[in-house]
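Here, each number is a calculation from the coordinates, and none is a lab measurement. Quick caveat: nothing in here was measured; it's all calculated off a predicted structure. Methodologically, a virtual Cβ is constructed for each residue, glycine included, from the backbone with ideal geometry; neighbour enumeration extends over all protein chains shown.
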Amino acid sequence: ISFSKTKKAKFSSQKSLVQIYTDKPTEVLTFRGMLPNPTIRIKRGENFDLEFTNRLPQPTIIHWHGLIVPSVMDGHPKDVIPANKTKHYHYKVDQSAGTFWYHTHPHARTGKEIYHGLSGFYIIEDDEEKRLNLPSGEFDLPLSIQDRRFDENRKLFYKDKEVPQDNNGVLGDVILVNATPFPYKNVKNRKYRLRILNSSSVRTYNLAFDGIEEFALIATDAGLLEAPLMVKNVIVSVAERIDIVIDFKDKRIGDTVTLKNLGFKEVSNLKLHPKYPDFDAKMDIMQFHISEKAEDTSSLPAKLVHIPRMKASEAVRTRTITMEMIAGGLWTLNRKPYDMYRIDERVKLGTTEIWELKNSVHMGHPFHMHGVRFQVLDRSGKIDFPTDKGWKDTVLVMPFETVRIIVKFTMPGLFLYHCHILEHEDQAMMANFFVE
Ligand code: C2O
Ligand code: CU
Ligand code: CU
């Protein structure tokens, strides 16, 4: 759905039956009765206007992941709306073009709701990007990747009683792309822009292609990079997005290119249940069939946008956030259980700070902040993440690693920061900051 001055969109979270497999429908949760949920496309400067009715039996709320919007519009879990009640979201979109997403955010139930379907793409466009003439229209494909579990009756199931490790994160054995298991797409022999979102519960993907050796990384979470970066593979942890340009021009009609997960070890010594593919399992994700010749009028410019580099010297202070498991096996930030009414950090509006994210455990955590975008200053670990070069709202902190991010606070009000492994944020790996 696109937004314009005259249109008001309507969403309602609801139980729906959809055809994920051809033989039997699956019960899921949707915003409009089908999956994938609508992709929101909006231009910078336009007003977002949406009426959201909660048709679930329990309270919920929608959050616009990566958008910098007034705190009352952000979808904080304390603002959940009861069953059969409506919330009117309206705000002006004023940030650079990028691939964002939306999902529900009720405390302790986010994992289960996203798992059953309540997420979608939110794409911001602007004139600066338009001038670049990147592949667009039918050559711009948003791909939302999720691993899931289905039983013989094609019923989706979430936590498995036989798998105590599910509290560390639910790993599935079926990979869905836009709610379809191992799909294929007919493509033309030219450039495509793929907007890839990892909307899984815990799995980190190390993405590469069979049949294409190199592709261009052009954007990270919150916008375009300064210049395209040629890569052979990219690591995408939960909630991160990458935009890439892939060129099928050297392929012949009839060729197939496969998007695959090389597997990624983000835990150092967790023993996993053999029932589901481990963190580093290799899996095929989707296929592209080169089916038609086409002229390519799009470009991949050598320069994209200017990213002002934030310097450590601009920061007024450094805060340390630790990632730890406390007694009882509870995942926390700074060893505190989550309290949605407690303000954990107070920040001055308009200032810049360094947040030092210290992971003291054997499992990686994708750290996310609402209401801001940030840059990665440095990390103590050995892996060099190409995505560290761009604007971020989520960053993977590897086991025993410290990552320093630099962030300017431009929106007043109460916002969240949390681990985006859904089972961790549903426990206690979440906290509030207040910008004043
Ligand atoms: Cu994807 Cu608290 O957000
Ligand atoms: Cu968010
Ligand atoms: Cu975590």
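Worth a mention:
- Peptides 120-126, 147-153 ranked from most to least packed, by the mean per-residue count of other Cβ atoms within 10 Å: 120-126, 147-153.
- Residue-wise HN-Hα coupling along region 418-426, computed from phi with Karplus coefficients 6.51, -1.76, 1.60 (Hz; x: Gly, Pro): 6, 6, 8, 5, 4, 6, 7, 5, 6
- Stretching Lys7 away from Met230 to a fully extended chain increases their span by 76.3 nm, per 0.36 nm per residue minus the current alpha-carbon distance.
- A simple rule links phi to the HN-Hα coupling: the Karplus curve 6.51 cos²θ - 1.76 cosθ + 1.60 with θ = phi - 60°, which for region 396-403 gives 7, 9, 6, x, 6, 9, 10, 10 Hz, with x for Gly and Pro.
- Sequence-separation-based contact order of the chain, relative, with Cα cut under 8 Å and 6+ spacing, percent: 15 percent
- Multiplying the residue separation of Ala83 and Glu292 by 0.36 nm and removing their Cα-Cα distance gives an extension gain of 70.4 nm.
- Long-range amide H partners of Ser2 with built H, under 5 Å: Arg41
- Overall form of region 137-292 per C-alpha gyration tensor (a/c, 1.5; a/b vs b/c): prolate
- Between Asn186 and Lys348, the simple spin-label model (points 7 angstrom out along Cα→Cβ) gives 6.1 nm.
- Given +1 at the Cβ of Lys and Arg, -1 at the Cβ of Asp and Glu and no other charges, the dipole of region 312-435 around its Cα centre is 360 debye to the nearest 20.
- Tensor-based shape of the chain (alpha-carbon gyration tensor, a/c under 1.5 rounded, otherwise prolate or oblate): rounded
- Other residues within the sphere of radius under 15 Å centred on the Cβ of Leu377, judged by their own Cβ, net out at +4 (K and R +1, D and E -1).
- Secondary-structure-derived ellipticity at 222 nm for the chain, considering helices only, amounts to -500 deg cm²/dmol, per-run term -39500 (n - 2.57) for DSSP H runs with n ≥ 4.
- Environment charge at Lys336 (Cβ cut-off 9 Å; Lys +1, Arg +1, Asp -1, Glu -1): 0
- Given charges at beta-carbon only (K, R positive; D, E negative), |dipole| of region 369-416 in Debye: 100 debye
- With the charge dipole of region 9-126 set up from +1 on Lys and Arg Cβ and -1 on Asp and Glu Cβ about the Cα centre, the Cα lying farthest toward the positive end among the listed residues Met73, Met34, Gln58 is that of Gln58.
- Global geometry of region 9-126, whether rounded, prolate or oblate, following the gyration tensor of its Cα atoms and the 1.5 cut on a/c: oblate
- Distance from region 130-180 to region 205-277 (C-alpha centre basis), Å: 15 Å
- In this structure the amide hydrogen of Leu396, modeled in the peptide plane, comes within under 5 Å of the amide hydrogens of Phe367, none closer than 5 places in sequence on its chain.
- Given charges at beta-carbon only (K, R positive; D, E negative), |dipole| of the chain in Debye: 680 debye
- Amide H to amide H distances under 5 Å link Leu225 with Ala219, Thr220, where only residues 5 or more positions off or on other chains count and H is placed in the peptide plane.
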